[in-house]
Amino acid sequence: MAFGAGSWGISCALLAVNSVMTIIIAGIAGWAFNRSVEHVLCMTDFQDNVEGAAVASHFLPLALVASVVGMGSILAGIYHLRVWRTDTLAAAVSVALVAWLLSLLAAGVALKEIHVGGPRSSKLKVVETFTVLLPLFEFYYLLSLHAAVLFNGREGQGTPHATDSQTQTPITLPELPDVVVEEGLDHFMGSI
């Protein structure tokens with residue numbers, strides 16, 4: 001079995017991993033950011049407040065933005081994996097690329113926070129760890145989305161959801177005659 005033929009299953013698995021990691025990052029980073037904002041606004045003294053101003057002002061907002069865009073990528077990816085066509089591939093890849101770049105930015109800030117050190121809670125360390133690992137899985141997800149097109153060009157033709165129910169053969173779109181394509185192109189070019 002070629003890698004392109006199995007890329008649908010690989011993409012599903014990587015999308016599931018990305019979903020879990022993104023939800024964990026969003027939940028814990030949202031909690032920590034909310035806690036640090038309450039600490040600053042209420043001027044109360046938390047005994048175990050280790051989410052300092054430096055972490056809250058730089059890392060947590062980036063982690064939250066990256067996780068929200070990652071959730072948008074997950075939604076576009078779910079739709080693409082459901083229909084598995086080239087027109088949905090463009091949307092899924094573009095949103096996944098933006099999510100990957102934002103998660104790389106958040107991972108860089110997380111690595112800087114780890115390098116600087118200082119007291120941090122275990123929850124914040126979990127967010128930093130997941131934020132550092134997430135770009136790797138998002139990159140593999142981007143590669144798996146392109147695998148069907150790159151390795152055997154069967155995107156949108158022989159998919160698990162586009163088969164004839166009686167014969168179990170892939171449904172393919174009929175080819176348009178060259179005359180129709182040329183007439184349409186001439187009509188389009190003449191209107192410009």
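The values are calculated or read from the model by the stated rules, or taken from the named source; none is laboratory data. Please read these numbers as outputs of a predicted model, since none were measured by experiment. With ideal geometry, Cβ positions are generated from the backbone for all residues, glycine too; neighbour counts draw on all protein chains shown.
Worth a mention:
- Of all the criteria given as (1) at pLDDT below 90; (2) in contact with a Gly (Cβ under 8 Å, 6 or more places away or on another chain); (3) surrounded by 15 or more Cβ atoms within 10 Å (Cβ to Cβ); (4) not β-branched (Val, Ile, Thr), the one not satisfied by Gln157 is (2).
- Residue among Gly108, Gly72, Gly77, Gly118 that is without any contact (Cβ under 8 Å) to a residue 24 or more places away in the chain, small (Gly, Ala, Ser) and over 12 Å from Ile25 (Cβ atoms): Gly108
- Single condition Val109 does not satisfy, out of (1) closer than 26 Å to Leu145 by Cβ; (2) touching a His at 6+ places or on another chain (Cβ under 9 Å): (1)
- Qualifying residue in the range 19-26 (condition: surrounded by fewer than 14 Cβ atoms within 10 Å (Cβ to Cβ), part of a helix (DSSP H, G or I) and at pLDDT 95 or above): yes
- Odd one out for Ser94, checked against (1) at pLDDT 85 or above; (2) crowded, with 16+ Cβ neighbours inside 10 Å: (2)
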